[in-house]
1. Would you please name the trypsin sites (Lys or Arg not before Pro) within the stretch B:285-332 that are DSSP coil residues with at most 13 other C-beta atoms within 10 Å of their C-beta?
2. Evaluate the relative contact order of chain B (contact order divided by residue number), counting alpha-carbon pairs under 8 angstrom at least 6 apart; express in whole percent.
3. Calculate the spin-label point distance for A:SER269 paired with B:SER13, positioning each point 7 Å from the Cα along the beta-carbon direction, and give it in nanometres.
4. What's the center-to-center distance, using Cα atoms, between the stretch A:1-31 and the stretch D:72-126 in Å?
5. Across peptide D:55-68, how many C-beta atoms of other chains are within 10 Å of each residue C-beta, on average?
6. Pull up the DSSP beta bridges for the protein assembly as shown and report the antiparallel fraction as a percent, rounded to 5.
7. Taking just the C-alpha trace of the stretch D:127-205, give me its Rg and Dmax in Å.
8. Can you give me the Kirkwood hydrodynamic radius for the stretch B:254-332, using every pair of distinct Cα atoms, in Å to one decimal?
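The values are calculated or read from the model by the stated rules, or taken from the named source; none is laboratory data. Everything numeric here is computed off the predicted structure, so don't read it as measured data. Heads up, the Cβs are rebuilt from the backbone with ideal geometry, glycines too, and the neighbour counts pull from every protein chain shown. Keep in mind that these areas ignore ligands, DNA and RNA; they rest on the heavy atoms of the full protein, side chains included. Shrake-Rupley method; radii C 1.70, N 1.55, O 1.52, S 1.80 Å.
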There are 4 protein chains.
Amino acid sequence: MSGRIVVENFASSVLFNNPLGDPALRQVPVYLPPGYDADTDMRYPTVYLLAGFNGRGTVFLNDTPGDETIAQRMDRLIAAGTIRPMILVMPDCLTRLGGSQYINSSATGRYEDHLVGELVPWIDARYRTRATRDARAIAGKSSGGYGALIQAMRHPDVFGLAASHSGDLYFELCYKPAFVKYAGAIGKLGGLDGLLRNLHTLRPRDAGYRAAVNTLAMASCYSPNPQAPHGFDLPFEPHTAEIIDAVWARWLEWDPVHLVGRHEDALRSLRLLYLDAGSMDEFHLQYGARIFCNKLAERGIPFVHEEFEDSHLNIPYRFDSSLAAISRAMSE
Amino acid sequence: MSGRIVVENFASSVLFNNPLGDPALRQVPVYLPPGYDADTDMRYPTVYLLAGFNGRGTVFLNDTPGDETIAQRMDRLIAAGTIRPMILVMPDCLTRLGGSQYINSSATGRYEDHLVGELVPWIDARYRTRATRDARAIAGKSSGGYGALIQAMRHPDVFGLAASHSGDLYFELCYKPAFVKYAGAIGKLGGLDGLLRNLHTLRPRDAGYRAAVNTLAMASCYSPNPQAPHGFDLPFEPHTAEIIDAVWARWLEWDPVHLVGRHEDALRSLRLLYLDAGSMDEFHLQYGARIFCNKLAERGIPFVHEEFEDSHLNIPYRFDSSLAAISRAMSE
Amino acid sequence: MSGRIVVENFASSVLFNNPLGDPALRQVPVYLPPGYDADTDMRYPTVYLLAGFNGRGTVFLNDTPGDETIAQRMDRLIAAGTIRPMILVMPDCLTRLGGSQYINSSATGRYEDHLVGELVPWIDARYRTRATRDARAIAGKSSGGYGALIQAMRHPDVFGLAASHSGDLYFELCYKPAFVKYAGAIGKLGGLDGLLRNLHTLRPRDAGYRAAVNTLAMASCYSPNPQAPHGFDLPFEPHTAEIIDAVWARWLEWDPVHLVGRHEDALRSLRLLYLDAGSMDEFHLQYGARIFCNKLAERGIPFVHEEFEDSHLNIPYRFDSSLAAISRAMSE
Amino acid sequence: MSGRIVVENFASSVLFNNPLGDPALRQVPVYLPPGYDADTDMRYPTVYLLAGFNGRGTVFLNDTPGDETIAQRMDRLIAAGTIRPMILVMPDCLTRLGGSQYINSSATGRYEDHLVGELVPWIDARYRTRATRDARAIAGKSSGGYGALIQAMRHPDVFGLAASHSGDLYFELCYKPAFVKYAGAIGKLGGLDGLLRNLHTLRPRDAGYRAAVNTLAMASCYSPNPQAPHGFDLPFEPHTAEIIDAVWARWLEWDPVHLVGRHEDALRSLRLLYLDAGSMDEFHLQYGARIFCNKLAERGIPFVHEEFEDSHLNIPYRFDSSLAAISRAMSE
């Protein structure tokens, strides 16, 4: 017995007319577990699965030879009894810069509002979910892991469980090293204007290209500024790579490792707070996870922390671990 | 107006009971151009589009944010008048080792027979193709580019046009450098037995993992040996990395740069012989293309050769160039 | 006509019984220009030439095939009239950790006192120098460039000219990125205790080895702490790589880019303030030079700034440029 | 008690007027053991120590902080009784291209004749050596290891012991991979003419620079051709990187792994045949050593083979092992 995928076309009012001119119509894949169609009274827990940088829900449907599709993964885990039947929702919060980090920003759009305020109730209305925070999890990888964590902290009434795989934590290590690469590459990429204009035709010949685009995207999320030429500030001088403390401080306002105190009650209220990262993560995210968990431990907030021997890439198999933890935590 | 994708489930008799235990049932996406359903008398040229190593037809359907899907690409090119309406067929010749190179091998299965002898006639029977070699092209990238070239050389009666993007040419440079990496990594990967047993659960922690798997796959294609423990010979001693000349010579029998003389008539008969490669190709494939074209030029065989400023990866935009060349060549 | 090298054996009282147990007897090569022995009334300007990390004066005497020795370089520049005859002094401020940065530290020894208070007067007494700050320059590369800059700022009465080639500036970019490498490598290196114990027998198999040793050495210079187990504090937690703000702040007290205001008068008094760095510096030192020069420019302090197309390594030819600038500035 | 270094200035007749215009006057450091001056009747075994690529005898005298000088190393080994008192001779067979590989070539000069025919007798005449092959060893690292091996094979009457540290063996792996880097870099380096003209002013900005220079140097040694524009042939086409079999075959005539049969008697006659290489050698030289030793073993030729956990660089400590083996083998 196997579940099925429905790809919803969701017309967002919240994203209508967003600053970057990204579409308001979004494709949202939904996985319905085996049995969903047979017993029409049954209600199911829901997991919101967030894609990483430069991704959106539909990338979970991509064919990766040698690996499972998300539907095959779910079918297998359910069939083995590792997880209970659950609905999976795969939102699209992508922007033309590569990602919204699942938060609101005057430079990109109101993606937090879209996700939490608009999509969750719509899914609950359209599918037979168990529409309570205790049966609603949010999980993701990389930028998606960040999104899961930040939204669980900000909306514990909506999400009662959170799982971050290799999530963006400790910006000092995961974003800052890219700034000097931006400084080194931006000239060859045509300056900020040139880079933004040619974002999708520029070929990544230059090693600094990815670092530059990544940095722009994060600035659009963490340091928006309606008065700035492109709607956001960079946290460093592009010629000298010198940190601009005032802008960098605004970034840190969004770094989970600095938010544990502020969101302590929310974090404590979670039925599950799961974090992992690979010991060879290319973006040093294992350190962010360690720091975050240390801060949880200092306050006696329960959490699950796994560090696995692998890198940042090609690790969808890690969802086996978080989905099992989510399923267990829901039944407790 | 837009075309549509049909994903066929093709039950291959040729691949039934193949040596690696790979499935005989294959998914074959087919792109039908705009207007295909409206005018049911119209017949169309066909392009067989071959995926690269570790790929199969369905990967052309994957969502890559910031880039087009294959259907969007075709729709745009047709709408702009850059190419005429054409059918696209995306075969699956994947093996559990990562690829068949689209040839027959006692170690993997009869993928050439499957592609040329089984799939082409089936497509011609099922869809309104123009079923002549002059309206049938074969194209691909990387291992798919190799497949296009080798099959056009071997079956000029079937394929009248061929396009190789960054195809595997000059094995001396594109495969040999991986052998010493295999030698350096195989111990940590559990030996040949261990690697084969754990192929899809081993994590690519070791830099040599990809080189090792790639090497195995190529050996399964180019130096099969029913008497050898795993059905194929390696062209080097695994401990010393010393080349075994006799096995290496069997590989070279499959290297297009050594086959120009043998298949001279076939190559000369093609309406289009298109090759390209990036000037920063990670596998040195620009050199193979240069060598191959030199040998064509020595014999006065016409060809189109483009070298572009990019690497081996993330270059689907290059299909714009080959598809346009295919379309032009068909109308001449 | 050629100059000659005398290698002095200098028994330092200041370095006697230093905390790391490094020798108090130091070899100090001195270059005497052509003509020094002939005209015994003639007095000469002096340049103190500081070696980089893991170096000492004698490394300037090393044979590098394809390049000049320091004596050949001086002879050529003098013969060509590019520089006037000058004495060159090449101090040894090496520690067993790789370097003292030419400053005092309770963890390493009083290297500033040795250099400025002990060696300079001894040289002036022993050789026919022009013993005034206007005829005494200090120059160096990398850590030696840092030493030149910091000592010219601290002792403008002693050194009237300073030249920093690719000097350590903007610790944020030149040291901080090594911290996470330390964190990643220190376990395999036997912990801090193990690393210190085996410093010179450990083979740099691990990519993090150099980063780890470099970080230790800098901590011994910039954040000494007599109460700490090894006499210094690390500016980060070794397991999480989290920055310890209080210790990091002590480092920044030694970062030239933060000292321009404090030493403004000294910097303004220099006859020459020369900085350069390569545009491909592996340690990002071109950015530090740019930041430092921006801060000089804001205050109207004169300086010479060159950015050349090269990396951090194998650039002794750059001394041609600084020595010429020193010679010119002395005659003005 | 410590030995001492004499740096001889040797005016070579053999190298006079050599094709590359390199000097005929060479500096040859000689290490004399403790006691040499006291007992003037005593005679000593001799070890000829050959420097690696881009090196010459004097580089053994360089100061490397954290490591011993060659004299310190010898003094320590002799004092500990690990080796008997021995004379060390450090020849200079450098060319402006980076090295002669210690062989004769019409493109570089008669370095084999210089070393074996000219220098050895001169040393025996000038110093109290035991002037027999059984008391004369030849050893070196990298290109110097190659030189030791090739000359011991060619002149077993002169050298009765040979030690190769990480010597150039199996050209297929140690040189061939550089050819495609040459092809990729030579355009930016000004072509072959430009590269040769600017050899020592070109900065190694381009990753291919070293590979290109190394390749030129080896071609000057292994495939000289008085008719060719620069006196040698390249074993590949510079634009396509295609191997030219006829030239490559001439290189292989100099590859020790192909010479075991031809020099079997010489190899068998050695009192010591010592080879090592690091298991992480950047030039894959551990594989060459394994292949060579396999071929020795097949013929029952005795040898000592060590593989150590380290790379190709910064491994002078390995001389402890070969010098001890040399000393032991002499006394047997």
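1. Details: sites: B:ARG290, B:LYS295, B:ARG299, B:ARG318, B:ARG328; in loops: B:ARG299.
Loop-located and lightly packed - B:ARG299.
2. Numbers: 646 pairs, mean separation 54.0, N = 332.
Once divided by the residue count of chain B, the mean separation gives 16 percent.
3. Result: 6.6 nm between the two label points.
4. After rounding, the separation between the Cα centres reads 75 Å.
5. Working: counts 3, 2, 1, 5, 4, 1, 3, 6, 12, 5, 14, 8, 1, 0.
For peptide D:55-68, the averaged partner shielding equals 5.
6. Numbers: 56 of 152 bridges.
Within the protein assembly as shown, antiparallel bridges account for around 35 percent of the total.
7. Rg and Dmax of the stretch D:127-205, Cα atoms, are 18.4, 53 Å.
8. Working: mean 1/r = 0.0745 Å⁻¹.
Its Kirkwood hydrodynamic radius stands at 13.4 Å.
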